[in-house]
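Worksheet for the structure shown next.
The values are calculated or read from the model by the stated rules, or taken from the named source; none is laboratory data. Bear in mind that the values here come from a model prediction, so they are computed numbers and not experimental data. Quick reminder, even Gly has a Cβ in these numbers, built from the backbone with ideal geometry, and neighbours come from all protein chains shown.
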Amino acid sequence: MAAHIAVQPYSLFLPVYNEEVLLVSHTEKLLQYLPRLKNPFEVLIGSNGSTDSTPRLGEELAARNPLVRFFHLPKKGPGAAFRRAIELMRYDQLVCMDMDLSTSLDFVPTSLDLLAHHDIVIGSKKMGVESRGPLRRWGSNLYIATSKLLMGGDHDLRRYWKRQSGTWKCKSFAGSTVTRWPRSA
């Protein structure tokens, strides 16, 4: 675990699509790791059009653990799930990861330190060493493009922070971008 300075509450968002195989075990892995950081947090899982048992499993996880919140959108699309997560998040800070946990969990404390100066940090495998196939890379590129579109384009992308550690990089969006949409409590 990386050295971690900031102690602020945050929402960890994981968009999912047909992740029934990973959903429970990886959420439990996060719930074992995240309390060590000593920050108040919530795990927000958003299903975007899942057709397997992901919605049922997500609801069961949320019912069993008050730190987990789950929502299901009937249509497939990571942009809509991301926007819904912004509307639902309880805390002002948002960290996004993939449910496959292909990003090191050390991304979370590093992101929290970045969130002392930024409002959203999004992990990206795009800028690191990739071993994913073309379809998977295309999906990641679509997610990044959709996020930029929803957040107002590159002119709202205030700063890129890069770190050569494993396969991840991260991007931070300005907080004024997030407040464009009303959030429910």
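Okay, here's what the table says:
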{"quantity": "Single residue of GLY58, GLY46 found to be outside any loop (DSSP other than H, G, I, E, B) and in contact with a Ser or Thr (Cβ under 8 Å, 6 or more places away or on another chain)", "calculated": "GLY58"}
{"quantity": "Residue identified as among the hydrophobic types (A, V, I, L, M, F, W, C) and under 22 Å from GLY139 (Cα atoms) among ALA63, ALA80", "calculated": "ALA80"}
{"quantity": "Only listed residue being closer than 23 Å to LEU149 by Cβ, out of contact with any strand residue (DSSP E or B) (no Cβ under 9 Å at 6 or more places or on another chain) and modelled with pLDDT under 90, chosen from PRO78, PRO134", "calculated": "PRO134"}
{"quantity": "Residues (touching a helix residue (DSSP H, G or I) at 6+ places or on another chain (Cβ under 7 Å) and among the small types (Gly, Ala, Ser)) located in the stretch 49-80", "calculated": "GLY58, GLY79"}
{"quantity": "Subset tally (residues that are among the acidic types (Asp, Glu) and over 12 Å from the mean Cα position of the chain (by Cα)) for the stretch 82-100", "calculated": "2"}
{"quantity": "Failed item, numbered, when PHE13 is tested on (1) part of a helix (DSSP H, G or I); (2) touching a residue at least 40 places away in the same chain (Cβ under 8 Å)", "calculated": "(1)"}
{"quantity": "Extreme residue, surrounded by the most Cβ atoms within 10 Å (Cβ to Cβ), among residues of the stretch 1-60 that are touching a Gly at 6+ places or on another chain (Cβ under 8 Å) and aromatic (Phe, Trp, Tyr)", "calculated": "PHE13"}
{"quantity": "Lone qualifier among ALA116, ALA80 - being aliphatic (A, V, I, L, M) and not in a loop (DSSP other than H, G, I, E, B)", "calculated": "ALA80"}
{"quantity": "Odd one out for TRP168 among (1) over 22 Å from GLN8 (Cα atoms); (2) of a type in the set (Phe, Trp, Tyr); (3) at pLDDT 85 or above", "calculated": "(3)"}
{"quantity": "Matching entry among LEU88, LEU105 (being at pLDDT 75 or above, in contact with a strand residue (DSSP E or B) (Cβ under 8 Å, 6 or more places away or on another chain), within 24 Å of SER25 (Cα to Cα) and surrounded by fewer than 21 Cβ atoms within 10 Å (Cβ to Cβ))", "calculated": "LEU88"}
